[in-house]
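Structure record follows, encoded as structure tokens.
The values are calculated or read from the model by the stated rules, or taken from the named source; none is laboratory data. Being a predicted model, the structure only gives us computed values, none of them experimental. In this analysis, Cβ positions are derived from the backbone assuming ideal geometry, glycine residues included, and neighbour counts consider all displayed protein chains. Quick note on the areas: whole protein, heavy atoms, side chains included, nothing else; ligands and nucleic acids left out. Shrake-Rupley method; radii C 1.70, N 1.55, O 1.52, S 1.80 Å.
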Amino acid sequence: MEKRVITDGKRRKGLMAASALLGGVLVLTACGGGDGGGSGGKKESQAQADEAAAKKTSEADIKIAPKDGSDNASINSAAKVTVSKGKLTDVTMTTADGTKIDGQIAADKKSWKPTNQLERATTYKIAAEAKDSDGRAAHENSQFTTVSPANSFIGNFTPEDGSTVGVGMPVSINFDKAISNKADVQDGIKVTSSSGQEVVGHWFNDTRLDFRPEDYWKGGSTVTLKLDLDGVEGADGVTGVQQKTVSFKVGRNQVSTVDAKTKMMTVTQDGKTVKTIPISAGSPENKTYEGQMVISEKFKETRMDGATVGFKDGDGKGEYDIKDVPHAMRLSSSGTFIHGNYWGAKSIFGGANTSHGCVGLQDAKGANDNSTPGAWFYNNSMVGDVVVVKNTGDKTVQPDNGLNGWNMDWSQWKAGSAE
């Protein structure tokens, strides 16, 4: 027999092969499932990975309003960023073209809002960052578009904020869209007086709402108008956008009474007569409206063209066209003024009614002579003062012709309220 000798080298090779074979069996056993020892190790590794990922995620929860993609957002109070479980570190708001919008993070760093009112029909982008108590950052982005003019309404109001007016000045609001939901809109508007007078609104039509008390405002009082119309539906698909509060002061009580029969005007302040002025009212062919009229505008000089108010010659031109009427104050929307007159003879003032419907006072060309009756009345009158015209033989001015709602009694006025 052949005797074989196993050398050390061969012995090592045999052990290595056996180890490889055994390893292969073990691998196959693991892939086949076996007793599950290998799977448990993998699950443990995944849990550790999830835990590590969680530790890296910020707990800060950022909320941006309005909702991303909104296309009918308010211009007043819609834009806002808030955070819970963290504090805001940076908020940037821009228009679609990159124009930056000013805003401010609150002292507690929990909220942010823009500093000024937004524009209608404008797309805005907001990018916000916050950090939690461990300093981990969170980010949120949003884009929205504000309500368009076609889908919103505003009310143009008079008098202006901070102004001082006469006792007859109503709060008059003219809306740029027809209002069908009058009750909801009126409910969003409050007018109050420091005098405690009851103030009621009256709708003249679908676009005009005036407010006044039963009697003239108390002299020296303060009147406040609060518009809370943001989001209020004025008509189908049309919402309000205004959110503001304004106030004005009421001056001394001045009421001037024009008597077309005596051709004199008596001016009273706080119930006392301070001046009597000769006047010339509308001629018998062009009588002046009667009634209580409120001065709505003042012009040191203005042009008066008869063609604009229906007084035309056969050629279509105005029966008069005076380019420098002095000290003119409007009493009606249809063209009634009380104004200075330098072209008429002095004898007509207190002597004859000669105008086309206005009330004329003797005055000087150029409106620079303060000694004239026209200049005195202009200098001592303010928007909101009352001029009562009587004995002209004409009809009473319509309450909505100018700011002349005082020609409606209190029961009629209240009947026009939507509340």
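Summary table
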| read-out | value |
| --- | --- |
| Scope region 117-144; condition in contact with a Lys or Arg (Cβ under 7 Å, 6 or more places away or on another chain) and acidic (Asp, Glu); matching residues | 132 |
| Residues of region 345-365 classified as in contact (Cβ under 8 Å) with a residue 24 or more places away in the chain, in a loop (DSSP other than H, G, I, E, B) and open to solvent by 30 Å² or more (accessible area, probe 1.4 Å), total | 7 |
| In region 403-419, the residues that are of a type in the set (A, V, I, L, M, F, W, C) and either surrounded by fewer than 17 Cβ atoms within 10 Å (Cβ to Cβ) or closer than 21 Å to residue 346 by Cα (or both) | 410, 415, 418 |
| Filtered residues of region 205-216 (kept if within 24 Å of residue 382 (Cβ to Cβ) and assigned to a loop (DSSP other than H, G, I, E, B)) | 213, 214, 215, 216 |
| Region 58-102, residues that are in contact with a Gly (Cβ under 9 Å, 6 or more places away or on another chain) and either assigned to a strand (DSSP E or B) or open to solvent by 50 Å² or more (accessible area, probe 1.4 Å) (or both) | 59, 61, 62, 77, 81, 91, 92, 93 |
| Qualifying residue in region 217-226 (condition: part of a loop (DSSP other than H, G, I, E, B), open to solvent by less than 20 Å² (accessible area, probe 1.4 Å), free of Cβ contacts under 8 Å to residues at least 40 places away in the same chain and hydroxyl-bearing (Ser, Thr, Tyr)) | yes |
| Given (1) surrounded by 15 or more Cβ atoms within 10 Å (Cβ to Cβ); (2) in contact (Cβ under 8 Å) with a residue 40 or more places away in the chain, index of the condition residue 269 fails | (2) |
| Residue identified as touching a Gly at 6+ places or on another chain (Cβ under 9 Å), modelled with pLDDT of 95 or more and open to solvent by 70 Å² or more (accessible area, probe 1.4 Å) among 182, 113 | 113 |
| Residue match in region 164-186 (condition: farther than 22 Å from residue 296 by Cβ and free of Cβ contacts under 8 Å to residues at least 12 places away in the same chain) | no |
| Matching residues, region 127-137, being surrounded by 15 or more Cβ atoms within 10 Å (Cβ to Cβ) and touching a Gly at 6+ places or on another chain (Cβ under 8 Å) | 130, 131, 132 |
| Residue pairs meeting the criteria (Cβ under 6 Å; at least 6 apart or on separate chains; first touching a residue at least 60 places away in the same chain (Cβ under 8 Å), in region 239-265; second part of a loop (DSSP other than H, G, I, E, B) and aromatic (Phe, Trp, Tyr)) | 250/217 |
| Any hit, region 152-175, residues being more than 30 Å from residue 250 (Cβ to Cβ), in a loop (DSSP other than H, G, I, E, B), open to solvent by 60 Å² or more (accessible area, probe 1.4 Å) and charged (D, E, K, R) | no |
| Residues of region 195-207 satisfying the condition of being surrounded by fewer than 15 Cβ atoms within 10 Å (Cβ to Cβ) and at negative phi | 198, 205, 206 |
| Criterion (open to solvent by 10 Å² or more (accessible area, probe 1.4 Å) and either polar (S, T, N, Q) or closer than 25 Å to residue 376 by Cβ (or both)) met by exactly one of 255, 238 | 255 |
| Boolean, residue 400 is at pLDDT 95 or above and open to solvent by 20 Å² or more (accessible area, probe 1.4 Å) | yes |
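Yes or no, residue by residue, for (1) surrounded by fewer than 14 Cβ atoms within 10 Å (Cβ to Cβ); (2) touching a Ser or Thr at 6+ places or on another chain (Cβ under 8 Å); (3) assigned to a strand (DSSP E or B):
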| residue | (1), (2), (3) |
| --- | --- |
| 104 | yes, yes, yes |
| 108 | yes, no, no |
| 120 | no, yes, no |
| 125 | no, yes, yes |
| 139 | yes, no, yes |
| 144 | no, yes, yes |
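A quick yes/no check of all residues on (1) out of contact with any Gly (no Cβ under 8 Å at 6 or more places or on another chain); (2) part of a helix (DSSP H, G or I); (3) in contact (Cβ under 8 Å) with a residue 24 or more places away in the chain; (4) open to solvent by 10 Å² or more (accessible area, probe 1.4 Å):
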| site | (1), (2), (3), (4) |
| --- | --- |
| 333 | no, no, yes, yes |
| 343 | yes, no, no, yes |
| 367 | no, no, yes, no |
| 376 | yes, yes, yes, yes |
| 382 | no, no, yes, yes |
